Each structure stands twice: as structure tokens, then as C-alpha cells.
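A short worksheet on the structure shown next.
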Amino acid sequence: MKDDKMREAVDFTEDFPKFNKNMKGTHKILIPDMLPVHFGIIVEILRADGWDIELLRNDTRAVIDEGLKHVHNDTCYPALCVTGQFIDALKSGKYDVEHTAVMITQSGGGCRASNYIPLIRKALKAEFPKVPVVSLNFAGLEKDSGFPVDLKTLLKLAFAIFYGDSLMSLYNQTKPYEAAEGESDKAREDCVKLILDAFASGKYRRYKRIHAAMFERFSKVERDRQAKVKVGIVGEIYVKYSPLGNSHLEDFLLSEGCEPVVPALMDFVMYCAVNNINDEKYYGHKKRGTILFKIVYRYLHRIQKKIIRQARAAGYEPLHDFEHLRRCADKVINQGVKMGEGWLIPAEMAALAETGTDNIVCAQPFGCLPNHIAGKGTIRTLKQMYEYENIVAVDYDPSATKVNQENRIKLMLATARENLAAQSEKK
């Protein structure tokens, strides 16, 4: 060096609008549509707490085009969908962009959970530089633009997820068999009202009573008992659940006379908690919050087990016990493989096979390397483990047409129907 003077580090960070607590009374917050029923319940809960929040429903091709325009095409497909949905909504003219913010959840993982915020900020800067990005996270991320979450709100969100999961499962177990069209939808609407009333009255923790009422309401829907092909849906969390991300996959399966079987969102929440616990076990990474994650996990799992017993007693197929999912994962892949959805994907595929759902759509978004490794990469092993395992990996990306995606699924369904007929003959 020519001189001994230390050069000042160059700061390449850019200014961005920050969300603060004073904006609660001035800004509308837009959130992407990942789980319409779950998020619909959560939106109403947060509205009751004084937040002006709206769940976006725009899902036309214009959303994808806006995503392609503002996000590099090598970035994962879910990032493109979320960004495109925000930009398309802000361009619609429905919102005062001077008093609007957008919100995204972050789980603190190594891929989408951490990288979406800067991607969305960069996209907004080009056309809507005054719109702040709000982070809903429980890992202390994005402190300058975070959503204030206290223990009471966390508890409400956890119960909302439990109710949303049960409602999703009950609807999918009823809709394909309903004798009168639309009765399952009415039952779901009644149950949403029941859940929101419980939150409004502060009685949302009475989950046994609320679930009993939900089971009773769906049991009133007259159903036929003709055997249907069951199809599980697994994969990256966004395309697994989002109608925009998976080209309305559940609706397509229902139109084909199938019963969709969709794993619980709470499984992903518990997966994140367990991964923080496993960091110490597998990697020697000790954190002060590990004990807290253990307490949270035990609490959530205890509630989950009680709901499972209640569902089984009511005559419904329960959602998976998370400890069973962990045992299923151990048969296929190590629980240290936790990037993205990691070991949860093969665990769900194995658990589905063990509970009578051999046919599976593994939703593979473009650009999701962990999903392709832990999802598509374990399919061969799973097919060797389970005699009737019938899995199709379907790519979801901007260039993939809905027709091609559905044709791949139809080929899987043809095999599924043959297997169902063969199993029926054995009985």
C-alpha cells in the first residue's frame, strides 16, 4: 500500500421507506395470497386489533408478467409471484400508494425466507418508492421494517393456523363426496364465522369445543361413499398452498373427481422450531433461544395430538402427528437437511403413503434448489419403500403452461385409478 491510512469502507446499502408503529393508523397493508382460508382468518384477527390489512386476490397472467419485469428470471418462481402480485395490485389504482405498505412473512431460513425483502424493495423502488415493505417474522429479522408482534398476537396466529389446517382438511375430505353441490362451501363459511366469533369473544383457545362444532357442521353435509383417488400435495411452501403459484391445483384435482390431501401449515411452523433445536444436536450451534423453541414446540405438539385424537373420534382422517413425520423423515433423509423445506418434503410423502395416500404431486418451483434435491431427489427411494407410491414432480415456472402441468398430473391419475381398481378387487 502507498500509505498506511485505513480507507473508509464504502456503504452500498440503499435507503428504503421504513414501516413504523405510527403507520398503523395511516397505512393499508397488502399481503400475498398463499393460503386463502388461513390468511383470510388471520387478516380478520389483525383487523380486529386495529390493522388495516387486505388479502390480495389478483391472480391473472398480468401478475406473472409484472414479476418477470421486476425480478431477475433466475430467481425462484415464488419470489416472482409474490412481487408480481404486489406490483399488479399497486398499479390497479385501488390503493393510495402514499399510504400503502406490503407485508411478507420471514422464517429466517436460507432461501426465500431471507431474500424476498430486498427483492421486493428493489422492485418497488422502480415504480413505488414510498411503499414500505413490512416483515412479519419471529426471528428478529428486519428490525427497521418489522411488524410488532407480542405474545398475545403470536398465540392468536398459532390457533388461527390450527383452525385453518383443520378447516382445509375437513373441506377436502367432504367436497369430493358432497351429494348437493355447494354444501361443503356453506359448511366452510359457517365454520369461518364460528372461528372468528371465538376470536372476537376471546374464547379462541377453547379449541376442543371449536373443533367439535366444526366436525359436527361438516358431518351434516350429505355425502356418497364412492371411493375416490386421493392425491397428496407436497413441495415448496408457497406453490404447495398458493392457487396463484400452483395454477389452482386443488380445484383441478377436485374437477378430476379426486380428493386433495394437503399437509398442515402448522407442520411447517413446527419444522422451523425443530430445526432450531436440531442445530445444537447436529451442528453444535448453541443458541440462547433453543430452550424457548423447545417449549414452543412441546406446546404446539401437545395441542396437535389432542386435535388428531378428536378428528379420529369424529370419523375424519386426521392431519399427521409431527413426531410421526420426523420418524418418516429418518427413513429417507437426515433431519440435518433443513435448507428450505428440506427433510419435511420426503417426510410428508412417506407419511401420506403410510396413511393411504399413495398418489402425490410434488410441486417444484423453478429456482428452488433445496426442493429439487430433497423433493425430486428422494422420489426413487420412496417408490422403493412403498409398493403403490405414485409420485409426479410438476414444475411451476413462468414458461410452464397450465395445460402441460395438468397433462402430467393426468398421466399420474391414470395410474392412480388403475391402482385403486386393483386394490378394490383384492378386497
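Within region 365-381, the set of residues being under 29 Å from Ala79 (Cα atoms) and open to solvent by less than 60 Å² (accessible area, probe 1.4 Å) comprises Pro365, Gly367, Cys368, Pro370, Asn371, His372, Ala374, Gly375, Gly377, Thr378, Ile379. For region 182-230, filtered to residues that are under 12 Å from Leu170 (Cα atoms) and among the aromatic types (Phe, Trp, Tyr), the residue that is least open to solvent (accessible area, probe 1.4 Å) is Phe218.
Taking region 13-25 as the range and being of a type outside the set (D, E, K, R), touching an Asp or Glu at 6+ places or on another chain (Cβ under 9 Å) and touching a residue at least 40 places away in the same chain (Cβ under 8 Å) as the test, the residues that pass are Phe16, Phe19. Remark: Leu382 falls outside the filter, which requires a residue to be touching a Leu at 6+ places or on another chain (Cβ under 9 Å) and part of a helix (DSSP H, G or I).
Restricting attention to region 271-295 and to residues that are over 21 Å from Glu236 (Cα atoms) and of a type in the set (A, V, I, L, M), the residue that is least open to solvent (accessible area, probe 1.4 Å) turns out to be Ile277. In region 38-58, which residue that is in contact with an Asp or Glu (Cβ under 7 Å, 6 or more places away or on another chain) and part of a loop (DSSP other than H, G, I, E, B) is surrounded by the fewest Cβ atoms within 10 Å (Cβ to Cβ)? Per the criteria, the residue is Arg57. For Lys152, the requirement of being loosely packed, with under 15 Cβ neighbours inside 10 Å, basic (Lys, Arg), at pLDDT below 95 and closer than 17 Å to Pro17 by Cβ is not met. Within the option set Gly245, Gly235, Gly257, being open to solvent by 10 Å² or more (accessible area, probe 1.4 Å) and of a type in the set (Gly, Ala, Ser) holds for one residue only, Gly257.
For every residue, the table says whether it meets (1) in contact with a helix residue (DSSP H, G or I) (Cβ under 7 Å, 6 or more places away or on another chain); (2) open to solvent by 30 Å² or more (accessible area, probe 1.4 Å); (3) at pLDDT below 95.
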position: Thr26; (1), (2), (3): yes, yes, yes
position: Asp33; (1), (2), (3): yes, no, yes
position: Lys69; (1), (2), (3): no, yes, yes
position: Asp74; (1), (2), (3): no, yes, yes
position: Ala79; (1), (2), (3): yes, no, yes
position: Gly93; (1), (2), (3): no, yes, yes
position: Gly110; (1), (2), (3): no, yes, yes
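At positive phi, of a type outside the set (Ser, Thr, Tyr) and free of Cβ contacts under 8 Å to residues at least 12 places away in the same chain: does that describe Gly356? Here the answer is no, as Gly356 does not meet what is asked.
Per-residue answers, yes or no, for (1) in contact with a His (Cβ under 6 Å, 6 or more places away or on another chain); (2) assigned to a strand (DSSP E or B); (3) at pLDDT below 95; (4) aliphatic (A, V, I, L, M):
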residue	(1), (2), (3), (4)
Lys281	no, no, yes, no
Ile308	no, no, no, yes
His324	no, no, no, no
Val337	no, no, yes, yes
Gly342	no, no, yes, no
Glu348	no, no, no, no
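Pairs meeting the criteria (first residue in region 308-320 and under 15 Å from Ile210 (Cβ atoms), second residue open to solvent by 50 Å² or more (accessible area, probe 1.4 Å), beta carbons under 7 Å, at least 6 apart or on different chains) are Gln310/Lys208.
The values are calculated or read from the model by the stated rules, or taken from the named source; none is laboratory data. Just so we're clear, the structure is a prediction, and the values are computed from it rather than from any experiment. Backbone-built Cβ (ideal geometry, glycine too); neighbour counts: all protein chains shown. Quick note on the areas: whole protein, heavy atoms, side chains included, nothing else; ligands and nucleic acids left out. Shrake-Rupley method; radii C 1.70, N 1.55, O 1.52, S 1.80 Å.
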